[in-house]
Structures are given as C-alpha cells and as structure tokens.
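So the structure is just underneath, and the comments pick up after that.
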Amino acid sequence: MHSSFTRLQNAFGFFTTVAFVLGAFIAATDLGSARSPSGVVKTDNVQVVKGRPHYYSSKKEEYAIIRFSLEADLSSLFAWNTKQLFVYVTADWTGADNSSNSAVIWDSIITNPSADHLQNIGTVAMKKLRRSAQGKSIAPERGLLKLKNQKPKYQITHPSGKIAETADVTLKLHYNVQPWIGVLTWNMDKSIGVWNAMSGGVSDLFTLPALKSKDAKDKSSTKSKGKSKKP
C-alpha cells in the first residue's frame, strides 16, 4: 500500500497539473480577443539644453526636452485576462555610425478595474475608479489617451554628451500588455490573426535644434534692449 506521504505527493501533482492546464486555457483565450490599437503622436516643442539632466549627474551635457501631443485608442487591448497596460513613448533615431538609438521620454500604467487596488493612489481617486468600474467588467475609457503639450518625464541624452542637431528623430507609441495569467505581449510589426499591428503611433521626422550659446543669447538680449530704447 502507498504511504500517506506518497498519496499526498500524488494529490499535489494532480492539483498542479489541473492548475497548469486551467492557466494555459485562460492564457489561450487572449488569442481570440481582437486587438486594434491606434494612435497619433506629434511634437509640440523641442529644446536642447546643456546642463545636468539628473541630480546625480557628475558633469554637464546636452539633453533634449520634447513636449508632445498624443491621442490613442488602446481600449481593445483590455480583455478579461488583462491585469494592466504599460504605455510609453520613445524617441528613436539613427546615429552617425549607423547605430539605432531609442530613449523613453514618457510612460504610464493603466490598470483594469479589477486591478485598481494595485495602484498607489489616494483614497478619493480610488473611490472614483471603483465607482466608474461598478457593474462593468472592463471600462472602455481606460484605454483612451488624450494628451496635449505633454511635458516629458525623462530627458534624452547620449553617451557622447552631445545630442544637438540630431536629424531624423521620430516619436513612437509603444504598449506592453500584462495579463493575470500568460506571457507579456508588446507591439507587433505585423498583424497575426485577430491581433492587428498598431495603426499610426509614429510621428513625422524632425531634427533636434542647435544648442544656443551664451554669446547668441547675449546678442539677442542686446538687440531687444536696443529696439526698446528707440522712440
């Protein structure tokens, strides 16, 4: 006869097998949920400044500050197995040595109503989220983004310390779907089944402006003072 320990092992093995099969089935249901993300992103104001981009920076260097506007519809990325959605915008360009460069300038986390408790927000904001999600499995407005003249969270730098007058820069919208059970999924270059690639989400090419020197600033201020003195 089997010992109690052997029976416990068999029961635990059966339980883990059932849990694995159930989890795999839940993760597979995402494949049947249609995805059709879309977005429009454009630059509003671009500046290149020389200084310390971070408080821990040991030296001064050139860094870019890019303000942008974004309109995106990512509501189709929310399914019943979606835990949260990580959205971010990058600035991408090709360097002089033909190297690919990409830097995140802004990001945000959008939770599913069932995962609101994971957010580190105030009591009042939490009550509003729960009220908006009451009676709804998924709140469609969670995936709609409308940002105008958005200030970036992060500045763009380069290991060389110089980034002014960089040409052919684009802003790109990215997403990362984090499910309750299953694998993480990112932007897709091609459509697969009912999962469509991102429609739009890429800005027009632009060039980072030149860094204004101190002499140029002094000359411009002198000219403005001279004009103001004329009758």
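Points 7 angstrom from Cα along the Cβ direction at Ala167 and Val104: gap in nanometres?
3.1
What net charge is computed for the residues neighbouring Ser38, neighbours being all others with C-beta under 10 Å from the C-beta of Ser38, Lys and Arg scored +1, Asp and Glu -1? Walk me through the numbers on the way to the answer.
Numbers: positive: none; negative: Glu71, Asp73.
That sum, taken over residues with Cβ under 10 Å, equals -2.
With an 8 Å Cα cut-off and a minimum separation of 6 or more residues, compute the relative contact order for the range 1-63 in percent. Before the final figure, lay out each step's value.
On the way: 20 pairs, mean separation 10.3, N = 63.
Over the range 1-63, the number comes to 16 percent.
Local charge sum around Gln47 (other residues, Cβ-Cβ under 10 Å, Lys/Arg +1, Asp/Glu -1)? Don't skip to the end; give the middle numbers.
Values: positive: Arg67, Lys212; negative: none.
Computed value for this residue: +2.
Find how much the distance from Asp44 to His2 grows on full extension, using 0.36 nm per residue of separation minus their present alpha carbon separation; answer in nm with one decimal. Don't skip to the answer; put the middle values down first.
Working: separation 42, 0.36 × 42 = 15.12 nm, distance 7.30 nm.
Contour length minus Cα-Cα distance gives 7.8 nm.
Please turn the phi angles of the range 8-24 into ³J(HN,Hα) values with the Karplus equation 6.51 cos²θ - 1.76 cosθ + 1.60 (θ = phi - 60°), one per residue in order, whole Hz, x for glycine and proline.
Ordered by residue, 3J(HN,Hα) equals 5, 4, 5, 5, 5, x, 5, 4, 5, 5, 5, 5, 5, 5, 5, x, 5 Hz.
What does the charge add up to near Val177, with Lys and Arg as +1, Asp and Glu as -1, over the other residues with Cβ less than 10 Å from its Cβ? It would help to have the intermediate numbers written out before the result.
Details: positive: Arg35, Lys83; negative: Asp30.
Residues close to Val177 contribute a combined charge of +1.
Computed FRET efficiency, Cβ-Cβ of Leu184 and Val18, R0 22 Å: what is it to the nearest 0.05?
Values: r = 24 Å, r/R0 = 1.11.
FRET efficiency, Leu184 to Val18: 0.35.
No value in this document is a laboratory result; all are computed from the given coordinates. What you are looking at is a predicted structure, and each value in this text was computed from that prediction instead of being measured. Note that each Cβ is placed from the backbone with ideal geometry, even for glycine, and that neighbours are counted across all protein chains shown.
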